[in-house]
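Here's the structure, in structure tokens; my notes come after.
The values are calculated or read from the model by the stated rules, or taken from the named source; none is laboratory data. From a predicted model like this one, the values you see are computed outputs, not experimental measurements. Using ideal geometry, Cβ is built from the backbone for each residue, glycine included, and neighbour counts are taken over all protein chains shown.
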Amino acid sequence: MTKRKWSARTRQDLIIEVWEALDCESVGARELKQIQQTLFEQFGEGAAASPAAIARTVADEGAVLRHPEVFECDRKWREENLSRAAFAEELDFSNLSCAFTSAVKLEEKRIELQAGSEAEALQDLRDSVTALSKDLSLRAHSKILDEEQKAQLKEVSHWLVVWLQSPELFSDWLDLRRRSPEFREKFGEGKG
């Protein structure tokens, strides 16, 4: 589907508008994924809708559902979201020690996804890390945090930027960074 301007202002209206633009009588996995992608592009991650919810919306408008495809698409989507959520809960970037452990897990996940040729999941991981890096950077400017906490958040945000720019070099870079005189002076020998 080519890029176009959508007039819908709500998630439900956009689902219907995209379905109508697809000009199809029956809806299955391909159409559901296209509608999900458009929702993401228009409204961001917060507008995510399950394939089953999208299917209900278009069925109410008269679409014929290819039920086996809809069920399978919804099952896969739920499995991916549960595993993503579980993985995200394992990560803690609140201080240098936790951040190092989480960075190791992040790198292991990247290698696992890359080895499995899971390009979409790898892009989702990169998107999550981008958002996390921005969040840490914003929190590092908080007026309610002390200077040490701010410095640690800035440091960890920088780690994630390096991971995004050069993931293959990240582990070696992080090891060198933590051994550097600047890091040791700033955060002490025993930290991170």
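Quick notes on this one:
- The one condition in (1) in a helix (DSSP H, G or I); (2) under 19 Å from the mean Cα position of the chain (by Cα); (3) of a type in the set (A, V, I, L, M, F, W, C) that F93 fails to fulfil: (1)
- So S128, is it modelled with pLDDT under 85, surrounded by 14 or more Cβ atoms within 10 Å (Cβ to Cβ) and in a helix (DSSP H, G or I): yes
- Residue list for segment 12-56, filter: surrounded by 18 or more Cβ atoms within 10 Å (Cβ to Cβ) and part of a loop (DSSP other than H, G, I, E, B): G28, A49
- All conditions but one from (1) within 29 Å of K186 (Cα to Cα); (2) without any contact (Cβ under 8 Å) to a residue 24 or more places away in the chain apply to E79; the one that does not is (1).
- Residues satisfying the criterion are absent from segment 160-174 (criterion: farther than 25 Å from I111 by Cα and assigned to a helix (DSSP H, G or I)).
- Among residues of segment 139-150 being farther than 18 Å from L91 by Cα and not in a loop (DSSP other than H, G, I, E, B), the one that is nearest to the chain's Cα centre (by Cα) is K150.
- Taking each residue of segment 128-141 that is without any contact (Cβ under 8 Å) to a residue 40 or more places away in the chain and more than 18 Å from F40 (Cβ to Cβ) and looking for partners that are of a type in the set (S, T, N, Q) and in a helix (DSSP H, G or I) with beta-carbon atoms closer than 8 Å, six or more apart or interchain, yields S133/S157; S137/S157; A140/S157.
- Against the test of being outside any helix (DSSP H, G or I), within 30 Å of Q34 (Cα to Cα) and polar (S, T, N, Q), the options S133, S117 yield a single qualifying residue, S117.
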